[in-house]
Structure formats: C-alpha cells, structure tokens
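Reviewing the structure listed below.
Every number here is computed from the coordinates shown, using simple stated rules; none is lab data. What you see is a predicted model; the values in this text were computed from it and never measured. For neighbour counting, all protein chains shown are included, and Cβ atoms are generated from backbone atoms with ideal geometry for every residue, glycine included.
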Amino acid sequence: LWSGGSVSVTVPRRSQTGRTLRLRGLGAPRRSGDKGDLLIRLSVRAPDADDPELDRLAKEISRFYRQPVRAGLRL
C-alpha cells in the first residue's frame with residue numbers, strides 16, 4: 001500500500017499472467033486529496049522443483065488447457 005500497510009487480495013480463479021487487479025482508493029494520493037487506485041499486475045509462476053510427482057500432476061492437468069500453453073506467449 002502507498003502508506004506502507006498491507007492488504008489481502010483474493011485472486012480470481014483462472015487468472016493468468018498479465019491480468020491487472022484494481023484496488024479502488026488504495027493508491028497514491030491525488031491532488032484533490034482523495035486516494036487513487038492501486039493496480040496489481042499478476043505474474044503466475046509454476047513450481048520449479050525437480051519432483052516426479054510435480055511432473056505427473058503437470059501431465060494430468062494438461063488435458064484441461066483449451067489451447068497450447070505457449071499460445072500468445074511473447075518473447
């Protein structure tokens with residue numbers, strides 16, 4: 001938070017990297033005196049452990065993707 005505090009945020013289901021969440025009234029103060037909005041840009045990361053169970057789970061959930069995982073990936 002702008003004032004140095006903290007806030008809990010519930011991330012909506014199926015959120016992807018790049019999605020922006022807006023927390024109204026929790027941003028930097030405006031010239032008018034009221035507070036602006038705080039924007040949070042999500043960065044979804046997968047576990048990087050070298051674990052056979054993780055590999056098995058990744059293969060199991062891969063059938064739920066509607067398009068290739070790397071579709072729309074920009075480098």
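Taking Cα centroids, how far is segment 9-33 from segment 44-75 in Å?
Using only Cα atoms to place each centre, the spacing works out to 26 Å.
So between Ser32 and Asp50, what do we pick up on full extension, going 0.36 nm a residue minus the alpha carbon distance? Can you show the working numbers first?
Numbers: separation 18, 0.36 × 18 = 6.48 nm, distance 5.23 nm.
Net length gain for the segment: 1.2 nm.
Volume per residue, Å³, of the convex hull around the alpha-carbon atoms of segment 1-67? All intermediate terms of the calculation are to be shown ahead of the outcome.
Values: hull volume 8.7 nm³, N = 67.
Once divided by residue count, the hull of segment 1-67 is 129 Å³.
Taking 0.36 nm per residue of sequence separation and subtracting the Cα-Cα distance, how much length would be gained by fully extending the chain between Leu1 and Phe64, in nm to one decimal? Before the final figure, lay out the partial values.
Numbers: separation 63, 0.36 × 63 = 22.68 nm, distance 3.57 nm.
Going from the current span to full extension adds 19.1 nm.
What ranking do Ile61, Ile40 get, fewest neighbouring Cβ atoms within 10 angstrom at the top?
Details: Ile61 9, Ile40 14.
Starting with the residue having the fewest Cβ neighbours, the order is Ile61, Ile40.
Can you give the helix-only mean residue ellipticity at 222 nm for the chain, where every DSSP H stretch with n ≥ 4 adds -39500 (n - 2.57) and the sum goes over all residues, rounded to the nearest 500 deg cm²/dmol? Present the calculation step by step, with values, prior to reporting the outcome.
Details: 1 runs with 10 residues, N = 75.
So the calculated ellipticity at 222 nm is -4000 deg cm²/dmol.
Using a simple charge model, +1 on the beta-carbon of Lys and Arg, -1 on the beta-carbon of Asp and Glu, nothing else, what dipole does segment 1-68 show about its Cα centre, in debye to the nearest 20? Let's see the in-between values first.
On the way: 14 positive and 8 negative charges, 125 e Å.
So the dipole magnitude of segment 1-68 works out to roughly 600 debye.
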